[in-house]
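First up is the structure itself, then whatever we jot down about it.
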Amino acid sequence: MVYWQAGRRDARIKRDVGVFEVVAAMNLQDLRKRFEPLLRRAFHLYWRFARGMTLGVRAVVLDGDNRVFLVKHSYVAGWHLPGGGVEVGETFRDALTRELAEEGRIELAGEPVLHGVFLNRHVSRRDHVAVYLVRDFRQDRLPAPNREIVDCGFFKPGALPAETTEGTRLRIAEVLEGRTPMATWR
């Protein structure tokens, strides 16, 4: 018997899973961790020639209790601010709207505030991320886990998951503690 995290820390769905499926899932996680740096380099090598520079958006989404919304992806380790790539012909606002809907069922109800634009050298010398502060939004419910987002939820800033990435922690501290933003992601 395995319990699957369903979008909230306290919500669990009981599933009957065979031993083979559990071992296969564990092996996939090990493979992902082992090959993640190689895959990241391969994607950015492709993007280097296909796009020249990569642009992304992320959001510090805060609810009425000042809890921050984070997501855990299936393809990269750690907890992150929701967001993703800006497609060709897409504005930052459009990309932010799309990514928040896809990753968190979050609909903007007001204008997001630009917190800063950061060079993400950890990913590539060509990767830049625009981070927005979002306080005015609607969310009908937390999304169910899927192939991209395996978990998500709102967390108190002092009780973030242990696997929250360094860059994510820095952006949250800048917004909530009034720290001066850095020029780089981390």
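Scanning the stretch 65-96 for residues that are touching a strand residue (DSSP E or B) at 6+ places or on another chain (Cβ under 6 Å) and among the hydroxyl-bearing types (S, T, Y) returns a single hit, S74.
Applying the criterion of being within 17 Å of the chain's Cα centre (by Cα) and free of Cβ contacts under 8 Å to residues at least 24 places away in the same chain to the residues of the stretch 95-113, the residue that is farthest from V61 (Cα to Cα) is R98.
Restricted to the stretch 141-186, and to residues there that are in contact with a Leu (Cβ under 7 Å, 6 or more places away or on another chain) and polar (S, T, N, Q), the residue that is farthest from V57 (Cα to Cα) is T164.
Meeting the requirement of 1 or more residues that are within 14 Å of the chain's Cα centre (by Cα), the strands (runs of 3 or more DSSP E) wholly within the stretch 125-180 are 127-134, 149-155. Residue selection: W185 fails the criterion of being surrounded by 14 or more Cβ atoms within 10 Å (Cβ to Cβ) and either polar (S, T, N, Q) or within 13 Å of the chain's Cα centre (by Cα) (or both).
The residue that is nearest to K156 (Cα to Cα), among those in the stretch 61-83 that are among the small types (G, A, S) and surrounded by fewer than 20 Cβ atoms within 10 Å (Cβ to Cβ), is G64. Applying the set (1) assigned to a strand (DSSP E or B); (2) in contact with a Leu (Cβ under 7 Å, 6 or more places away or on another chain); (3) not small (G, A, S) to V71 leaves exactly one unmet item: (2).
Test of understanding: among R147, R141, R126, R135, which residue is farther than 30 Å from L45 by Cα and at pLDDT below 95? Show your work before the answer.
Details: R147 fails: farther than 30 Å from L45 by Cα; R126 fails: farther than 30 Å from L45 by Cα; R135 fails: at pLDDT below 95.
The conditions single out R141.
Reported count of residues in the stretch 31-64, each being assigned to a loop (DSSP other than H, G, I, E, B), touching a strand residue (DSSP E or B) at 6+ places or on another chain (Cβ under 8 Å) and at pLDDT 95 or above, is 1.
The lone criterion from (1) at pLDDT below 95; (2) in contact with a Phe, Trp or Tyr (Cβ under 7 Å, 6 or more places away or on another chain); (3) among the aromatic types (F, W, Y) left unmet by F69 is number (1).
The values are calculated or read from the model by the stated rules, or taken from the named source; none is laboratory data. It should be emphasised that the depicted structure is a prediction, and the values quoted were computed from it without experimental measurement. Because the Cβ atoms are built from the backbone with ideal geometry, glycine has one as well, and the counts that use them run over all protein chains shown.
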